[in-house]
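Report on the structure given below.
The values are calculated or read from the model by the stated rules, or taken from the named source; none is laboratory data. Note that the coordinates shown come from a computational prediction; the quantities given were computed from them, not determined experimentally. Note that each Cβ is placed from the backbone with ideal geometry, even for glycine, and that neighbours are counted across all protein chains shown. Ligands, DNA and RNA are excluded from the accessible area calculation, which covers all protein heavy atoms including side chains. Shrake-Rupley method; radii C 1.70, N 1.55, O 1.52, S 1.80 Å.
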Amino acid sequence: LGWSSSLSLKDPARGCSQYNICRGERNYSWFSSSDFYSSLGLEDFPSVGDISGTEEDTESAILYGTLRGSVVGLRYYTGIVNNNEMVALQREPNNPYDKNAVRVNNVNGDQVGHIKKELAAALAGIMDSKLAVVEGVVPYGAKNVFTMPVQMSFWGREENREAVVDQLKKHGFKLAPPLKGNRFGSKWISGRAGPSYSAPVHAAVQLTTEQLKSEFDKLFEDLKEDDKTCEMEGAETVGTLLLPHQKQALAWMVSRENSNDLPPFWEERSNFYYNILTNFAEEKRPENVRGGILADDMGLGKTLTTIALILTNFQDGKPLPVERITNDKFFYVFAKYLKRGGETTVSELTLMCRLLRQWLQGTIRFLNFYFALNVQSVEKKYSDDGPRATLIVCPLSVLSNWIDQFEQHIHQDFNVNIYVYYGSDRSKDPSVLSEQDIVLTTYNILATDYGMRGDSPLHRVKWLRIVLDEGHTIRNPNAQQTKAALNLEGHRRWVLTGTPIQNSVKDLWSLISFLKLKPFTDREWWHRTIQRPVTMGTAGGLGRLQSLIRSITLRRTKTSKVKGKPVLELPERKVLIQHVTLTEEERQVYQSVKEEGKAAISRFFSEGTVLAHYADILGVLLRLRQLCCHPHLCVNTSSSFSYLSVSADNKTPEELHETLVNKMKLVLSSGSDEECAVCLESLTVPVITRCAHVFCKPCIFEVIRSEQPNAKCPLCRNGLRVEHLVECPLEEEIDSSNGKKSDQEWISSSKINALMHALIELRRDSPNAKCLVVSQFTTFLSLIENPLKESGFAFTRLDGSMAQKKRVEAIQCFQSSQAGSPTVMLLSLKAGGVGLNLTAASRVFLMDPAWNPAAEDQCFDRCHRLGQKHDVVITKFIVKDSVEENMMKIQNKKRELAAGAFATKKPSASEVKQTKINEIKALIDL
DNA sequence: ACCGCCGGGTGCC
DNA sequence: ACCGCCGGGTGCC
């Protein structure tokens, strides 16, 4: 049973886990980077564009005007509408009678009729060339037999207005100005009441950006409603006591799964159901989503709550039926094993292993040997008709966290079947999946599987429940993983996310669509009834969004209160800045490198080639940052920076390109947390362009997709081509032999001295305190190992180059409270990803600042989270009069920006460019 | 459709 | 009458 030791068990003493890792998962090779990258393969991205260009640019769309027309051919179709109901106009270029044909559909998508041909002839061109979006409302005459009127609104960007007006004029039509107060068509005057359509208005009550922002902030705040404050205990299979706010969440989730309420904006009228946004009505009761969005802040226990939900609400509030692990079970499994002559499944082995251990410990007596009698009853439990399995989809980075949490929170006396659907040998048999209690997989696997149409086991199973963890990963409606997620089958649908709205309301659509809320699954209805009214600041728009959100989401922040007490009482967190002064020699080296770099960079400025030399500049900055830490850090990189002299002149463009790309690789491989100029976050999967700029792979593919065929680099406007992109594995993964620069004698540095001084003082004052020593540079961490050993510190280390198994060991070791367990953990900034729990530490020493303050904060939160018992003190070491001080200034600016940037739109490419240039100036004191 | 349009039947008052 | 007028047949795109 060697495989079981490779499981990442929190408690090694427990041996085999209670979940069944089925075939293929036992080697746990999912963290091999090659797998990861290939599952994101190049070829996936361009195909994403197959519905490109259809999305209306909400931000800048204005209403050109309205036009009355008629819908004909009603008697040939079944789709019916109400007076004042919204209708969709859809081009039908393949209509055999008229290539200009325009279909009219009701909210349900049923065809109502066609636009009369003369008008269709005018619309066809406008719609096909996407000059305007045309929307319709049937003002009256909905019950007509042959034709009915339709009031059309034309929306588009200002610069297309004239073309649209011209096009209409050519066919003899003229736009009437927008109608006063009736912009969204929900209140057309009924009946043939004459000429009352008139007068434009842009927004009855236009909110300022500021107001919008604060309204957004309030969106998720309200939770005073009763249905969100009831509490519910978890089933006995939940092995952890839930906190009050988690019991509330459980009660809310269970009630959402079991209730039969109407979805938001639907009303029951005499004998039909009525949608108050679109005025659509139907006799069939619209399904409400049996789920919603759990949007609690990080650290409040969304994972635990979800596990509790799975175990507690199988059907109508009854718990998931699982086997209690008893002696009978052991012999039953054992007998089956013998009967087959030794062949067995991994899940059985897991069980047997565990039971055998219990038996050996004397908890099983040798009495119940009539196992055959029990076979029947055990099998019965699993022969339920309805779907049983819950699918959980999460980013790769939190996969192991889920497994840890199962391990922790599922009571060990029960056998819950969990299948980790990951790795190249994952089962292709849907029935293997549907027999599980829980199937865990990642967005990449989901998308990859979906790519091979029709043959994705995940998409052939009818799930009891689908949970999308970090649900904001599907906010891009065109991404493959979003489409893959939307196409999963199962009635109970949940989204877990800490950041439900990241940049704008737009991000919500995929989530809402995933939840299958009628009629928002169709982008047009979402857009017309919610997104546009909100972004244009129309009165009532925000109200709608608010009541929608309120009815389907639960969100508590770290400061929310339950019964007057904060949901989470986190200890205080203090950040201290410790200035470090370089020694004379260090200063000399630093200063000379700085002068050399500054000269080169100011030359780039005067030549106007700053962005072309971006890699060079990052290189200079990197070197300075490294010098602040330790002189040996940039030794291996020094030779490659000699280009700063004029030697570049006699190189071919090809060679020049190559050196630049190599430079960029070097910067990235140093561990430095560089950022992506598209998403403005830390790089995820860095790729280097031909012009030697770095971006996240998904970001740059999105740029290429949306700008094709002539995409340009967002930083320098040079041409971009997929085949020129170079992937660059993040940090240490390529550098496993780090730290062994044995040809060099070890020396200390000012920063190391400062750290050691602080550590020794800490050990003297509180010998049991544990701390994290964090740096972006793993080589620096290696250098720090030396004095730690010399001063007798027990320490452990966690960085990106370590295999998953080693990481888990390091974490367990550090978290242990046993005497003699390590008090120091050397942690690379980026290894401190989300989900990692290092609450044993109450001190953090940040050795070098990151560009992105969010990356630092995320790292601090590894210990400042649920379970932290002490106040957390963070010490940042910053070298005086250095690039580090300038970095701090930029960080502060970014913090301010982030705090106010909620509803403001993304900066444009040129703004990003300018910001970058200004940053460079500030960094090198130009 | 209690319309418009088409095309055949028809033709002083 | 190579017209007007009548009334039946007919009807989305």
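Once you sort the root eigenvalues of the Cα gyration tensor of segment A:266-328 as a ≥ b ≥ c, which label holds: rounded (a/c under 1.5), prolate (a/b larger than b/c) or oblate (the other case)?
In terms of gyration-tensor shape, oblate.
What number comes out for accessible area per residue over segment A:58-170 if the probe is 1.4 Å? Units Å², please.
Accessible area per residue, segment A:58-170: 45 Å².
Taking Cα pairs under 8 Å and at least six residues apart, what relative contact order does segment A:842-893 come out at, in percent?
In percent, rounded to a whole number, it is 52.
From largest accessible area down, sort A:T390, A:T659; use a 1.4 Å probe on the protein chains.
Ranked list, largest accessible area first: A:T659, A:T390.
Just add up the charged neighbours of A:D296: K/R +1, D/E -1, any other residue whose Cβ is under 10 Å from the Cβ of A:D296.
+3
Please report the net charge: other residues with Cβ closer than 15 Å to the Cβ of A:L570, K and R +1, D and E -1.
Result for the neighbourhood of A:L570: +2.
Quick one: pull the percent of accessible area on segment A:58-170 belonging to carbon and sulfur, 1.4 Å probe, ligands and nucleic acids left out.
Summing carbon and sulfur atoms, their accessible area is 51 percent of the total for segment A:58-170.
Filter A:K228/A:K462; A:K130/A:K169; A:K302/A:K563; A:K247/A:K516 down to the pairs with a C-alpha to C-alpha distance above 23 Å, please.
From the list (A:K228/A:K462; A:K130/A:K169; A:K302/A:K563; A:K247/A:K516), the Cα-Cα distance tops 23 Å for A:K228/A:K462; A:K247/A:K516.
Measure out, as a whole number of angstrom, how far apart the alpha-carbon centroids of segment A:86-134 and segment A:444-500 sit.
Their Cα centres are 32 Å away from one another.
Among residues other than A:D98 whose Cβ falls under 13 Å from its Cβ, what is the net charge (Lys/Arg +1, Asp/Glu -1)?
+3
Sort A:I80, A:I530, A:I917 by heavy-atom solvent-accessible area, probe 1.4 angstrom, most to least.
A:I80, A:I917, A:I530
What is segment A:58-170's relative contact order, in percent, from Cα pairs under 8 angstrom and six or more apart in sequence?
Dividing the mean separation by the residue count of segment A:58-170 yields 36 percent.
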